[in-house]
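The block underneath contains the structure these notes are about, expressed in structure tokens.
The values are calculated or read from the model by the stated rules, or taken from the named source; none is laboratory data. Worth saying up front: this structure is predicted, and the values here are computed from it rather than measured. Virtual Cβ from ideal backbone geometry, glycine too; neighbours counted across all protein chains shown. Please note that ligands, DNA and RNA were not included when accessible areas were found on the heavy atoms of the full protein model with its side chains. Shrake-Rupley method; radii C 1.70, N 1.55, O 1.52, S 1.80 Å.
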Amino acid sequence: MSAQLRSTAQELADVLWREHTVYRERSGGMVIRGEHVRRWISLAPAGGRDEILVRAGRILDSGTTAPARSEAVVPLSAGTDVLAAACRRLLADAAADAVRATPDGETSGRSRRQAKAVKRRSGRPGRSGRPPRERHTSFSSWVILVCVAGVIALYAYSSAMYG
């Protein structure tokens, strides 16, 4: 069952997301993490012989996983398409729970309370609404590029002079 679950998880991950990580969890199930969409899916053997328990949840800002928001039991013999459809439905449910907003535009529930508590504890204002900085080429990378270009130029020069 473990080998079949692993291959099913890999096929499912390829269908759902271009960027993903598939790994085995301690309980023997498989987890598919989509960091770019901040979601995860867990596949575990269910009570029946040909059934798997599919759970879906969010990946928090800290990189840890939130508890599963929804789950379903799907027959393993149903195929990747049926399994992918069930996963998309569960992921949509998890996304809908995360997006529920209050009239003032903030997210509702526990995360807002935690953010206020952290702000009160730290005494500092919260993070600004600026997007994260983009990566820039560092100075050492430029030095390496210049050195490689110099070696290529020296090789071309010596080839032209000494033939």
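Using the Kirkwood radius over C-alpha pairs as Rh, can you work out the diffusion coefficient of region 1-76 via Stokes-Einstein at 4 °C, viscosity 1.567 mPa s, in µm² per second? In µm²/s, the coefficient rounds to 104. Extension gain, residue 147 to residue 162: 0.36 nm times the residue separation minus the Cα-Cα distance gives 3.2 nm.
With all protein chains in place and ligands, DNA and RNA left out, the 1.4 Å accessible area ranks 71, 35, 25 as 71, 35, 25, largest first. Distance between the modelled labels on residue 77 and residue 65, one decimal in nanometres: 2.8 nm (7 Å Cα→Cβ projection). A simple spin-label model places the labels of residue 35 and residue 11 2.7 nm from each other, with each point 7 Å out along Cα-to-Cβ.
Peptides 42-51, 6-15 ranked from most to least packed by the mean count of surrounding Cβ atoms within 10 Å: 6-15, 42-51. Taking 0.36 nm per residue of separation and subtracting the current Cα-Cα distance, fully stretching the chain between residue 51 and residue 93 would add 13.0 nm.
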